[in-house]
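The values are calculated or read from the model by the stated rules, or taken from the named source; none is laboratory data. No experiment lies behind these values; they were computed from the predicted model shown. Cβ placement follows ideal geometry from the backbone for every residue including glycine, while neighbour counts extend to all protein chains displayed.
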Amino acid sequence: MTARSDAPAKAGDYPAILFKPLKVGALELPNRVLMAPLTRDRSLIDGTPHEMAITYYRQRASAGLIISEGTSTGPLAKGYIDVPGIYTDAHIAAWQAVTDAVHAAGGRIFCQLWHVGRVSHDSLLSEGEVPVAPSAIPGEITTFGATGVVDCTPPRALETDEIPHLIEEYRHATRCAMEAGFDGVEIHSANGYLLDQFIHAHTNERDDAYGGSEENRARLTVEVASAVADVIGADRVGVRLSPTGTFSDMRSDQETAFAHVIDGLGALGLAFLHFVERFPGIKLTDEEEAMIGRLRARWSGVYIANGDFDAARAAEAITSGHASAVAFGRIFLANPDLPERFRRGAPLNEPNPDTFYGGDHTGYIDYPFLD
Ligand code: PHB
């Protein structure tokens, strides 16, 4: 069966489109079934990935592209217990074993660069530090600290003269990621974390060049992407946005600011733009759906869609021209051979939410393969 670009969207009718190769910046992907970034909270306390991560990512190497779990760019970037980092020699060495395993299994992997901003707790940071944010505005948000769920610590505002250092941290993390053998990086500018906090008016009351107008609020994401692209080439850099996301106390009311972000990124020639279109279980309003469509239409490069897709809806999104590829989260977590299951129309393992965050190998590297 061949996929036709004008074929009607019908469940299970043309999964072949998911296996059409796709050029993404410097990479040639063999399929369009990507693995979305997924927090797993199984790293060592200093941010060094646990050796189980080698098996976890190798098992999922048949993805067109793996985007790693969010990985801290520096000590103040961390917001959850046991998440990995990519800024020390120990981080590089441990990630090198992961990327080697993925490459040996025929896969490709980007490192997701993550700064959480105000979504953190002082117990996760160095002595005397508090979370940083565009403005000193606390959110109605909790995180996982050493003792379990805690309210996030009220943040302090970043000084204007700290911004160059912040951008330098992204550059450093990018160099570390490439030294560790990643194929590129994705900048996390979604889901209520630091860069997203800069974009939104209710979390950014700055009066410098990074706040106030929509152009100013869009500036940091574009500057970070530009700085990172200078280090490794724009064709190895992607950006993740969530314009309609309400996770971590965000709002879906910033279409103009996101338009500035997307137009600014568009001028850089990046490998891809990645949208979290919705969180699992969240239904967008018609207006939010329309906003996704309008913002997506501003981007002429590779567009990765994410948000509770199944094979049929992914094929439909690609066939219609909406998406170039689709990133799957929870179902990739539970199905290490997800592309092959889609190819065969095979049943899927159910993800177990009890083992998403933290714990041992259970629910991490023991989901069964088809054969
Ligand atoms: C989470 O750990 O809950 C998490 C992390 C990154 C995201 C979203 C959720 O982008």
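Scanning segment 166-185 turns up one or more residues that are assigned to a strand (DSSP E or B) and either within 16 Å of the ligand (Cβ to nearest atom) or closer than 25 Å to Asp235 by Cβ (or both). Residues that are among the small types (Gly, Ala, Ser) and either within 16 Å of the ligand (Cβ to nearest atom) or more than 15 Å from Pro37 (Cα to Cα) (or both) were ranked within segment 333-371; the one that is surrounded by the most Cβ atoms within 10 Å (Cβ to Cβ) is Gly363.
Within segment 120-161, which residues are part of a loop (DSSP other than H, G, I, E, B), among the β-branched types (Val, Ile, Thr) and either within 15 Å of the ligand (Cβ to nearest atom) or on the phi > 0 side of the Ramachandran plot (or both)?
Ile141
Screening Ser248 with (1) buried (at least 16 other Cβ atoms within 10 Å of the Cβ); (2) in contact with a Leu (Cβ under 8 Å, 6 or more places away or on another chain) gives one miss only, at (2).
Annotation note: Cβ proximity below 8 Å between a residue of segment 355-371 that is over 19 Å from Ile54 (Cβ atoms) and a residue that is of a type in the set (Gly, Ala, Ser) and part of a loop (DSSP other than H, G, I, E, B) (sequence gap 6+ or interchain) occurs for Phe356/Gly363; Leu370/Ala346.
Could you tell me which of the residues Gly107, Gly47 is in a loop (DSSP other than H, G, I, E, B), in contact (Cβ under 8 Å) with a residue 24 or more places away in the chain and under 20 Å from Arg175 (Cβ atoms)?
Result of the check over Gly107, Gly47: Gly47.
Listed conditions (1) buried (at least 24 other Cβ atoms within 10 Å of the Cβ); (2) away from the ligand (no atom under 16 Å from the Cβ); (3) within 30 Å of Arg58 (Cα to Cα) are all met by Ala229, apart from (1). Residue under question is Asp310, and the condition is that it be modelled with pLDDT of 95 or more, under 19 Å from the mean Cα position of the chain (by Cα), surrounded by fewer than 17 Cβ atoms within 10 Å (Cβ to Cβ) and farther than 20 Å from Gly184 by Cβ; does it hold? Answer is yes for this residue.
One residue alone among Gly47, Gly70, Gly25 is more than 15 Å from the ligand (Cβ to nearest atom) and at pLDDT 95 or above, and that residue is Gly25.
Within segment 186-216, restricting attention to residues that are touching a strand residue (DSSP E or B) at 6+ places or on another chain (Cβ under 8 Å) and of a type in the set (Asp, Glu), the residue that is nearest to the ligand (Cβ to nearest atom) is Asp196. For Gly79, the stated conditions hold: it is crowded, with 24+ Cβ neighbours inside 10 Å and either in contact (Cβ under 8 Å) with a residue 40 or more places away in the chain or within 16 Å of the ligand (Cβ to nearest atom) (or both). Can you confirm whether Arg330 is of a type in the set (D, E, K, R) and surrounded by 15 or more Cβ atoms within 10 Å (Cβ to Cβ)? Here the answer is yes, as Arg330 does meet what is asked. Checking each residue in segment 259-274 for being touching a residue at least 40 places away in the same chain (Cβ under 8 Å) and within 16 Å of the ligand (Cβ to nearest atom) picks out only His274.
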